[in-house]
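Have a look at the structure below before the remarks.
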Amino acid sequence: MEKEKNSKIKLDIKTILIIILFIIIIALTIAFFVSNRASKESSINAVDSEQSNINISKINDNSTKTNDTENTSNTENAENDTKINKITANEIPTINLNETVSKEEKFELTVKSFNFNSTINPPNTSGYYRYYDATEGHQYLEIVYDYKNLTGSDVRADKISSIKIKYNDKYEYSGFAVIEDSDGDFTYSNITSIPALSVGKMHYLIEVPEEVAKDTAPIVAKINCGTEKYQMNLR
């Protein structure tokens, strides 16, 4: 009886040990699979995170490129605006006959007429008067204009303006100014002043070859009044 009991006890201990070993094996297997799964998930998350960082980096690069493009475009636009402003600032206004241009508190100027002639007479030719004859083979271009003095003092007539002409976009000619006196005769501009708020009747005489007078090529008058510049297409 005791032998049978001892045999059963031994058998029970073996069974228990086998069961415990089996449980340990199952536990280790489960732990192994759980560990592998966690490792895979960690790797996947790491890859996703890296891909996300790459995408963010690409977005940032694209944003930087877009900003650089916009900045370049803005710079080019600013440069173009500057060029346009410079061109506009350097443009000389073109005026027409009987058009009045002015500078505040300085002057008003109106070109009344122009013509070519070998002899330039004053408006009043009765009695004694001054006139100007061109040299042989030449004519005078006479530009007649009114100059109103808007300053608070007298100005000398020979200091108010100067005129040059350019013929056929190549040849330049200059001349001199005379002014009408109260009787409609010519007098010297360097000895005559225009009082404040008065109008001086000016005649600018430019001697040119007859070819210039009789040709049909363009003539542009360039008029300077102090710091102000104007131009007029005479032909």
Fill in the blank from the handout: Mean Cβ-within-10 Å packing, highest first, puts peptides 182-190, 198-206 in the order 198-206, 182-190
Problem - Linear extension gain, Thr15 paired with Lys112, 0.36 nm per residue minus alpha-carbon span - result: 21.6 nm
Practice task
Measure off 7 Å from each Cα along the Cα-to-Cβ vector at Glu105 and Tyr171, then give the distance between these two points in nanometres to one decimal.
Solution key: 4.4
Fill in the blank from the handout: Among Lys164/Lys229; Lys112/Lys214; Lys148/Lys201, the pairs whose Cα-Cα distance exceeds 19 Å are Lys112/Lys214
Completion exercise
Using alpha-carbon positions, the gyration tensor of the range 194-235 gives root eigenvalues a ≥ b ≥ c; with a/c under 1.5 called rounded, otherwise prolate if a/b exceeds b/c, else oblate, the class is prolate
Exercise for the section: Pull out a ≥ b ≥ c, the square roots of the eigenvalues of the alpha-carbon gyration tensor of the range 123-217, then state rounded if a/c is under 1.5, prolate if not and a/b is larger than b/c, and oblate in the remaining case. Expected result: oblate
Exercise for the section: Any chance you could run the full-extension gain for Thr151 through His138? It's 0.36 nm times the residue separation minus the Cα-Cα distance, nm to one decimal. Expected result: 0.9 nm
Problem - Cα→Cβ-extended label distance, 7 Å offset, between Lys164 and Ser198, nm - result: 3.1
Problem - Full-extension gain in nm, Ser126 to Leu28, via 0.36 nm per residue minus C-alpha separation - result: 21.6 nm
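Computed from the coordinates by the stated procedures, all read-outs in this text should not be read as laboratory data. Note that the coordinates shown come from a computational prediction; the quantities given were computed from them, not determined experimentally. Please note: Cβ atoms are built from the backbone with ideal geometry, for glycine as well, and neighbour counts cover all protein chains shown.
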